[in-house]
Amino acid sequence: MVHNFNAGPSILPKEVIEQASAAVIDYNNSGISILEMGHRTPEFTSVMEEARVLVKELMDLGSDHEVLFLHGGASTQFMQVPMNLLNPKDSAAYADTGVWSSKAIKEAKLFGKVDVVCSSKERNYIDIPNDFAVPNDANYFHITTNNTIFGTQWQTIPKTSNILVADMSSDVFSRQLDFKTFGLIYAGAQKNLGPAGVTMVVVNKNILGKVKHTIPTMMDYRNHISEGSMLNTPPVFAVYTCMLTLRWLKVKGGISAMEQLNNEKATLLYNEIDRNELFSTQVAKKDRSKMNVCFTMKDSSLEKPFLDFVKQHGVVGIKGHRLSGGFRASLYNALPISSVKFLVELMQSFEQKQ
Ligand SMILES: *Cc1c(COP(=O)(O)O)cnc(C)c1O
């Protein structure tokens with residue numbers, strides 16, 4: 001039995017893996033594989049449509065918001081967002097809360113002025129800044145809702161009169177938010193939604209078409225909206241697998257049911273980190289991520305033995321990111337609570353052995 005704590009690509013529901021692999025052999029008794037199917041066939045257009053409808057339903061979105069499935073990963077959104085929303089003479093506001101935020105900032109600077117309204121960089125990103133103001137005239141305000149590498153998360157979404165743009169790659173569908181209030185949300189699928197190769201974008205169409213410059217065809221969200229994410233060949237298999245995950249999510253009770261479970265999982269692990277004499281975490285308590293739990297050992301010479309110990313018991317993917325060190329246990333939607341309980345037990349038995 002393997003317990004998969006990978007940060008991304010990461011664990012998917014077992015049912016989804018089973019259905020996706022069956023479709024690779026034979027899609028719905030069609031005699032052909034999903035990998036061999038044209039994207040403009042009725043079979044696939046209905047998959048795309050169902051994925052879109054499920055996102056809208058799960059996020060409780062209205063007719064202003066469009067759902068897109070694009071290529072290029074969340075990293076392409078770092079440039080696509082400013083290309084569509086930032087006028088060269090204007091500025092965009094960004095919160096710098098980690099590596100992914102700073103990469104987004106770097107790209108935005110290619111298109112206009114960037115106002116970094118707050119940063120936790122000096123503290124090695126162990127918290128979310130809470131004292132800042134966003135200028136009224138900023139074209140939009142960009143946040144990274146969950147910082148995958150450092151294990152921090154905005155517990156409440158900052159109130160702003162600006163268009164709010166969020167990179168939700170590592171916590172999308174993990175907790176209930178008022179998604180309608182966002183101008184644009186993007187997420188690489190490979191953390192909480194599906195396999196690598198597709199990026200979900202949710203955009204309020206009323207914010208588009210305001211920049212004066214010409215946008216390359218493939219970069220203009222409006223073209224993807226009018227073509228239903230089929231401006232060119234979409235990543236058919238990745239979209240299909242996302243759709244299966246969205247179906248699974250709905251059956252499991254939707255985002256609020258997931259949130260409850262995710263809270264339980266995170267509480268279990270943080271309680272053990274706080275209780276266990278061997279472990280600690282640098283992350284500010286108020287900002288602890290419920291998706292990526294980063295922690296270290298007080299005696300760093302024990303880290304390698306602990307890693308070997310959990311590995312022997314089938315725990316996969318808890319080595320920390322090279323920038324933050326220590327450990328990182330990712331508790332995405334598909335990770336069962338039993339895996340978290342198991343990791344906690346291993347932490348306890350390792351403590352007893354010392
Ligand atoms: C993983 C991640 C990214 C990068 O995603 P790609 O799809 O690999 O480009 C961006 N932002 C956040 C918050 C992430 O966790």
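Since every read-out is calculated from the coordinates, none of them should be taken as a lab result. Every value quoted in this text rests on a predicted model; they were computed, and no experiment measured them. A quick note on method: Cβ atoms are made from the backbone with ideal geometry, for glycine too, and the neighbour counts reach across all protein chains shown.
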Which value results for Rg/Rh of the range 183-245 when Rg is the Cα radius of gyration and Rh the Kirkwood radius based on the inverse mean 1/r? 1.00
With a Förster radius of 22 Å, plug the Cβ-Cβ distance of residue 284 and residue 132 into 1/(1 + (r/R0)^6) and report the FRET value to the nearest 0.05. 0.90
Report the far tail of the P(r) of the chain, meaning the percent of Cα-Cα pairs longer than 25 Å. 54 percent
Could I have the simple spin-label model distance between residue 176 and residue 233, label points 7 Å from Cα toward Cβ, reported in nm to one decimal? 4.2 nm
For the residue 50, residue 353 Cβ pair and Förster radius 51 Å, calculated FRET efficiency rounded to 0.05 is 0.55
Those aspartates and glutamates that a straight Cα-Cα span of less than 13 Å connects to residue 290, excepting residues fewer than 8 apart in one chain: 171, 259, 264
Straight-line reach check, residue 89, cutoff 20 Å on alpha carbons, 8 or more apart in-chain or any other chain, hits among lysines -> 106, 109, 113, 210, 212
How much FRET efficiency would the formula 1/(1 + (r/R0)^6) give for residue 115 and residue 302, where r is the Cβ-Cβ distance and R0 is 41 Å, rounded to 0.05? 0.40
Determine Rg/Rh for the range 255-353; Rg is computed over alpha-carbon atoms and Rh is the Kirkwood hydrodynamic estimate from the same atoms. 0.94
Assertion target for 132, 237, 327, 150, ordered by fewest C-beta neighbours within 10 angstrom first, is 132, 237, 327, 150
